[in-house]
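Trainee: The structure under discussion is supplied below as structure tokens; questions concerning it will follow.
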């Protein structure tokens with residue numbers, strides 16, 4: 001009987017344990033080898049940009065939590081900082097330090113989710129539980145300061161919603177002492193695990209030129225060796241007053257991207273400790289008018305989130321609602337390189353490469 | 001006049017309509033016909049070297065549409081913003097995917113949400129919206145013109161019409177046969193076996 005081989009169109013998602021949300025990828029496979037991958041987005045498109053035109057600047061803030069729901073503090077921050085830039089508003093230093101502390105705590109929480117789910121993608125089930133146990137400590141801290149575990153709406157245009165409760169800063173310091181031994185546990189379980197290294201080394205390699213051409217940012221860019229971090233490039237809040245390194249990889253493969261994120265947790269702990277030492281007393285909110293009406297103009301402002309550069313291009317026409325707000329979503333841009341990366345690798349590597357991009361579908365679809 | 005502005009004026013001359021200093025970066029207004037040459041110079045000229053396209057956005061200013069490009073030089077951290085004005089009846093602009101590969105998805109999103117045609121785009125299918133979606137949601141007039149798009153057209157509305165006019169799903173671009181074998185480790189397989 002004659003046998004033949006033909007290419008098969010295989011559908012992955014939108015419900016799939018490894019697509020990190022509602023992502024559908026149509027794979028053209030030849031046996032186990034991928035010939036083409038075509039992502040089909042839009043399952044979580046919630047028209048955030050259109051809604052911005054219909055709500056006042058103050059009203060829109062809770063919606064920013066829902067962009068990248070694993071880094072809601074970062075979303076809040078980029079939004080309020082953009083409006084503050086449009087209005088030329090000065091924020092008191094205590095508010096800046098509180099913002100930095102919560103943003104770095106959120107970065108640690110987001111990277112813990114990444115480590116846990118990336119391990120899960122590769123088949124390691126235990127680190128997932130450990131990461132989420134440690135992340136619970138951070139969520140408890142957030143619940144103490146603003147009442148919510150995931151969608152905080154903690155920032156305000158001009159500062160933060162409220163000052164830290166009594167003893168909160170000491171609890172953050174205790175957390176900074178609690179975490180390093182747990183990270184050592186994680187390293188023994190996953191980072192130095194031979195099986196994990198074999199699964200992720202030299203998979204999904206991105207050259208530095210490719211990374212810049214495709215507009216990548218965050219650990220995707222730093223994993224390839226490009227030392228670029230918005231906190232160092234265009235410092236915002238008071239990041240120019242704290243001392244931290246920018247970890248980079250050498251080979252640009254999935255393992256390097258994982259290591260960059262793992263080392264970023266250490267750097268975040270460093271930043272938090274410095275902020276705890278430097279935080280002054282004072283107001284947490286500037287004097288803002290009752291109705292926020294920035295002068296007509298436009299501005300682009302970006303921050304460094306755990307996924308990369310989250311930017312906001314905001315156009316104001318002088319009214320109390322934004323005229324146009326375009327969100328530069330890091331997961332969206334980082335995912336665009338995915339079809340290039342998976343070509344000519346195996347089906348098992350698709351999951352590893354997709355996991356190493358660390359996307360949040362809420363941000364990809366916007 | 002900043003140094004960047006003098007440099008740009010030297011390199012681009014009269015291709016730039018107008019310069020405008022901004023809160024965050026210099027803004028340039030360019031006509032659509034000069035856009036291709038301007039973008040090529042901005043990326044390839046060694047003194048300018050804007051090798052990173054941060055964001056490509058589209059704005060609806062009612063009388064005209066605008067495409068806004070935020071460019072960055074990763075080496076000296078310079079940023080510049082290029083703006084192109086388009087009339088709503090003739091909303092087409094050359095694609096810059098050949099200069100910055102990241103523009104691919106930004107332009108697909110801009111096309112389906114704002115209705116601007118990016119000429120020369122390698123893959124102009126819908127990205128976020130379903131392929132049968134009618135109308136351009138991010139335009140200011142969307143939803144206000146009751147005759148045309150009084151409400152977002154959903155699939156059951158289309159099917160309920162007398163003659164369901166669902167557009168044919170555009171074909172996906174063919175899988176490229178060439179492979180890239182970057183990095184060691186497991187060698188990717190590129191042979192297709194035929195019997």
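Trainee: Please determine, by comparing only the residues of the range B:77-112 that are away from chain A (no Cβ under 14 Å) and without any contact (Cβ under 8 Å) to a residue 12 or more places away in the chain, which one is surrounded by the fewest Cβ atoms within 10 Å (Cβ to Cβ).
Mentor: So the residue we want is B:89.
Trainee: Could we say that residue A:57 is under 23 Å from residue A:337 (Cα atoms) and either surrounded by 24 or more Cβ atoms within 10 Å (Cβ to Cβ) or modelled with pLDDT under 95 (or both) here? Show your work before the answer.
Mentor: Values: under 23 Å from residue A:337 (Cα atoms): no; either surrounded by 24 or more Cβ atoms within 10 Å (Cβ to Cβ) or modelled with pLDDT under 95 (or both): yes.
Considered against the rule, which asks whether it is under 23 Å from residue A:337 (Cα atoms) and either surrounded by 24 or more Cβ atoms within 10 Å (Cβ to Cβ) or modelled with pLDDT under 95 (or both), residue A:57 comes out as no.
Trainee: Looking only at the range A:84-94, decide whether some residue is in contact (Cβ under 8 Å) with a residue 24 or more places away in the chain, within 12 Å of another protein chain (Cβ to nearest Cβ) and touching a strand residue (DSSP E or B) at 6+ places or on another chain (Cβ under 6 Å).
Mentor: yes
Trainee: Looking at (1) in a helix (DSSP H, G or I); (2) modelled with pLDDT under 95; (3) within 21 Å of the chain's Cα centre (by Cα); (4) surrounded by fewer than 21 Cβ atoms within 10 Å (Cβ to Cβ), which is the only condition residue A:186 fails?
Mentor: (4)
Trainee: Of the conditions (1) away from every other protein chain (no Cβ under 11 Å); (2) modelled with pLDDT under 95, residue A:42 clears all except one; give me its number.
Mentor: Residue A:42 satisfies every listed condition except (1).
Trainee: If you go through the range A:226-257, how many residues are assigned to a helix (DSSP H, G or I), more than 11 Å from every other protein chain (Cβ to nearest Cβ) and touching a helix residue (DSSP H, G or I) at 6+ places or on another chain (Cβ under 8 Å)?
Mentor: The number of residues fulfilling the criteria is 4.
Trainee: Would you check which residues across the range A:45-62 are over 13 Å from residue A:156 (Cα atoms) and either within 14 Å of chain B (Cβ to nearest Cβ) or free of Cβ contacts under 8 Å to residues at least 60 places away in the same chain (or both) and list them?
Mentor: A:45, A:46, A:47, A:48, A:49, A:50, A:51, A:52, A:53, A:54, listed by residue number.
Conditions tested, residue by residue: (1) touching a helix residue (DSSP H, G or I) at 6+ places or on another chain (Cβ under 9 Å); (2) closer than 15 Å to residue A:149 by Cα; (3) at pLDDT 95 or above.
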{"site": "A:69", "(1), (2), (3)": "yes, yes, no"}
{"site": "A:86", "(1), (2), (3)": "no, no, no"}
{"site": "A:99", "(1), (2), (3)": "yes, no, yes"}
{"site": "A:104", "(1), (2), (3)": "yes, no, yes"}
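Trainee: Which residues, counting only those in the range A:190-207, are surrounded by fewer than 17 Cβ atoms within 10 Å (Cβ to Cβ) and either outside any loop (DSSP other than H, G, I, E, B) or free of Cβ contacts under 8 Å to residues at least 12 places away in the same chain (or both)?
Mentor: Result: A:192, A:194, A:195, A:197, A:198.
Trainee: Tell me whether the range A:265-286 contains one or more residues that are farther than 16 Å from residue A:97 by Cβ and at pLDDT below 95. Break it down into steps so the answer makes sense when it comes.
Mentor: Kept after step one, since they are farther than 16 Å from residue A:97 by Cβ, are these residues of the range A:265-286: A:265-267.
Filter once more, keeping what is at pLDDT below 95: none.
Within the range A:265-286, none of the residues are farther than 16 Å from residue A:97 by Cβ and at pLDDT below 95.
Let's see how each residue does on (1) modelled with pLDDT under 95; (2) at positive phi:
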{"position": "B:67", "(1), (2)": "no, no"}
{"position": "B:70", "(1), (2)": "no, no"}
{"position": "B:75", "(1), (2)": "yes, no"}
{"position": "B:78", "(1), (2)": "yes, no"}
{"position": "B:87", "(1), (2)": "yes, no"}
{"position": "B:92", "(1), (2)": "yes, no"}
{"position": "B:111", "(1), (2)": "yes, no"}
{"position": "B:114", "(1), (2)": "yes, no"}
{"position": "B:120", "(1), (2)": "yes, yes"}
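Trainee: Right, next: Name the single residue, out of those in the range B:116-143 being in contact (Cβ under 8 Å) with a residue 40 or more places away in the chain and surrounded by 19 or more Cβ atoms within 10 Å (Cβ to Cβ), that is nearest to the other protein chains (Cβ to nearest Cβ).
Mentor: Selected residue: B:138.
The values are calculated or read from the model by the stated rules, or taken from the named source; none is laboratory data. Note that the structure is predicted; figures quoted are calculated from it, not measured. With ideal geometry, Cβ positions are generated from the backbone for all residues, glycine too; neighbour counts draw on all protein chains shown.
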